[in-house]
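K.L.:
The structure follows.
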Amino acid sequence: MEKKKELENLLVSVSENDDYAFRVFYDLYYRSVFRFAYYFLRNREACGEVVSNVFVAVWKSRVALRRIENIDAYLYVVARNEANRYLKESRTRRRCLSFEEIPISLIDRNSPPPTAKTLPIAG
């Protein structure tokens, strides 16, 4: 019960713009949020980006933290949403080819170099 009260006090401090309290909160939850995000992404770099976004979202909505009943569930929902957003964006991101990647047969030596808009996209 004492840990629950300490967590409540920590969340109140974060909601009152206490930077140190937010750092303590971050250190307390970083690993579990990272592991949860890794379940979806299976990529450490992507997880780092997603987890950063989770804690940015928490900081932006910090005033509401004192009203959250289950902070673990809240963090996991935010992490899941951020992971899904990351996956969606990575699927829709277009990949531009460098000049070296263009097959020689497509290059007309008499025309100017292609621009990003005119390059074929590898699928």
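K.L.:
If the requirement is being modelled with pLDDT under 95, small (Gly, Ala, Ser) and either part of a loop (DSSP other than H, G, I, E, B) or open to solvent by 70 Å² or more (accessible area, probe 1.4 Å) (or both), which of these qualifies: SER90, SER105? Steps first, please.
P.N.:
Details: SER90 fails: either part of a loop (DSSP other than H, G, I, E, B) or open to solvent by 70 Å² or more (accessible area, probe 1.4 Å) (or both).
Of SER90, SER105, the one residue that is modelled with pLDDT under 95, small (Gly, Ala, Ser) and either part of a loop (DSSP other than H, G, I, E, B) or open to solvent by 70 Å² or more (accessible area, probe 1.4 Å) (or both) is SER105.
K.L.:
Within the stretch 6-51, which residues are open to solvent by 60 Å² or more (accessible area, probe 1.4 Å), among the polar types (S, T, N, Q) and under 22 Å from ASN81 (Cβ atoms)?
P.N.:
The answer is ASN43, and nothing else.
K.L.:
Within the stretch 9-50, work out how many residues are free of Cβ contacts under 8 Å to residues at least 40 places away in the same chain and part of a helix (DSSP H, G or I).
P.N.:
We begin by selecting, within the stretch 9-50, every residue free of Cβ contacts under 8 Å to residues at least 40 places away in the same chain; these are 9-10, 13, 16, 18-21, 23-28, 30-31, 34-35, 38-39, 42-45, 47-50.
Restricting the remaining residues to those that are part of a helix (DSSP H, G or I) gives 9-10, 13, 19-21, 23-28, 30-31, 34-35, 38-39, 44-45, 47-50.
Residues in the stretch 9-50 being free of Cβ contacts under 8 Å to residues at least 40 places away in the same chain and part of a helix (DSSP H, G or I): 24 in total.
K.L.:
Can you name every residue in the stretch 29-74 that is hydroxyl-bearing (Ser, Thr, Tyr) and in contact with a helix residue (DSSP H, G or I) (Cβ under 8 Å, 6 or more places away or on another chain)?
P.N.:
The answer is TYR29, TYR30, SER32, TYR38.
The values are calculated or read from the model by the stated rules, or taken from the named source; none is laboratory data. Model, not experiment: these values are computed from the prediction. Counting neighbours? That spans all protein chains shown, and the Cβs are built from the backbone with ideal geometry, glycine included. Side chains included, ligands, DNA and RNA excluded: accessible areas come from the protein's heavy atoms. Shrake-Rupley method; radii C 1.70, N 1.55, O 1.52, S 1.80 Å.
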